[in-house]
Amino acid sequence: MNHLLRLSVLENGSQPCLMKNWIIFFILVLPTAIFGQLKRDIHQPFAISDTIKIITVNFPEADSLSVQFWPSNNGMMELNVDMVEANDAILKYAIEKGRYEILPKKNGEILALTYKHVKRPAIETKMGTVGETIQLKLFLPDSFKPIKKGEYKRE
């Protein structure tokens, strides 16, 4: 115990500033231990041929989906990913592995839009489960009109 007290006393006999020690602690230790909230926007265009008459959209209910119509012959996906308790490497890895990629599948006159990985398992880290919020915006040609939930028909 005496050796600890001796370490905390400066040569001139005064006590070191406790605040200075805390500042050094926060600068050196916390950045390596903190996982924060990450946000990333991902854009993916996809072609819609003239032979397509119906577009079906099938995404998990947990994802927030909005469809907008624009003056174009092609479609585009804009995905906003928010992760909590993750670092940039985790998000980058998920994107590289196609976790949020959309696969347009053509079947005759129907174009089905769904994720490459239909079931996305939770991301687990040493800190626990990563919170993930996804907002998806689909931009479809304005020649398509909604006929029922998740289905759009060319007029």
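The values are calculated or read from the model by the stated rules, or taken from the named source; none is laboratory data. No experiment lies behind these values; they were computed from the predicted model shown. Glycine also receives a Cβ, built like all others from the backbone with ideal geometry; neighbour counts cover every protein chain displayed.
Data overview
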quantity	calculated
Filtered residues of region 97-116 (kept if buried (at least 19 other Cβ atoms within 10 Å of the Cβ) and closer than 10 Å to GLN44 by Cβ)	TYR100, ILE102
Positions within region 70-90 being of a type in the set (S, T, N, Q) and either surrounded by 13 or more Cβ atoms within 10 Å (Cβ to Cβ) or within 10 Å of the chain's Cα centre (by Cα) (or both), in sequence order	SER72, ASN74, ASN80, ASN87
Out of ILE123, ILE134, sole residue that is touching a Pro at 6+ places or on another chain (Cβ under 9 Å), farther than 19 Å from ILE54 by Cβ, in the same structural domain as LEU65 (by TED's automatic domain parsing) and among the β-branched types (Val, Ile, Thr)	ILE134
Conditions (1) modelled with pLDDT under 90; (2) closer than 26 Å to SER49 by Cα: number failed by LEU113	(1)
Residue among ASP41, ASP50 that is of a type outside the set (Ser, Thr, Tyr), modelled with pLDDT of 90 or more, over 19 Å from LEU111 (Cβ atoms) and loosely packed, with under 12 Cβ neighbours inside 10 Å	ASP41
Strands (runs of 3 or more DSSP E) within region 48-155 that include 1 or more residues small (Gly, Ala, Ser)	64-70, 75-86, 110-115, 131-141
